[in-house]
Amino acid sequence: MIGNIRQYLDQKTTTMLVHAFVTSRLDACNSLLFGLPDNLINKIQRVQNIAARLILRVPRHEHITPLLYQLHWLPIRQRITFKILLLTYKVINYMAPDFISELAPLHVPTRALRSASEQRLEITFRSSTKFYGDRSFAFAAPHLWNGLPNTIRSASSVASFKSRLKTYLFRQHFLSV
């Protein structure tokens, strides 16, 4: 649809339409996609790649990484991680419903340790199935959260956390490519 009228639109308007009709759908409930195999994530990634090419008017044969970097877009797998970690931040800071908060309890050391102030999560969930249990929030949240640097975990506001987390994930992906 957008591709049919792209020639009549400037880049700003195209970006607005892509965000309204494409990226909003890619982000809706994408935390449920955590742990999916690469072949399924790649199908969703192709949609984001097409959207990036559409905005920047770049042909199919051009490499996608510089385009995502230019648009400052996280790839799908990092967007999924971002969503889970944002929800985890809200759980820790009492901004999430109780039923979600119960899935990610804070780690309380049995004795006084320097790490007590790091806001680590207790890894209580042990997966009984290899394929499905590892995809649950109760499993993913503590593993992802405890892997974050303390400077990100200790952000004072949601806006600050989102900014630090996106920068961290962005650098982690694009500097490793």
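The values are calculated or read from the model by the stated rules, or taken from the named source; none is laboratory data. Remember, it's a predicted structure, so these values are computed and weren't measured experimentally. FYI the Cβ positions are ideal-geometry reconstructions off the backbone, even for glycines, and counts take in every protein chain you see. Areas reflect the complete protein model, heavy atoms only, side chains present, ligands, DNA and RNA absent. Shrake-Rupley method; radii C 1.70, N 1.55, O 1.52, S 1.80 Å.
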Practice prompt. Go through 89, 69 and list them by solvent-accessible area, largest first, probe radius 1.4 Å.
Written response: 69, 89
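Considering only protein heavy atoms, with the full assembly of protein chains and a 1.4 angstrom probe, order 143, 61 by accessible area, largest first.
Details: 143 85, 61 145 Å².
Final ranking, largest accessible area leading: 61, 143.
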Practice prompt. With a point put 7 Å past each Cα toward its Cβ, work out how far residue 155 is from residue 174 in nm, to one decimal.
Written response: 1.7 nm
Worksheet, complete the sentence: Residue span residue 70 to residue 50: 0.36 nm per residue of separation minus Cα-Cα distance leaves a gain in nm of 5.8 nm
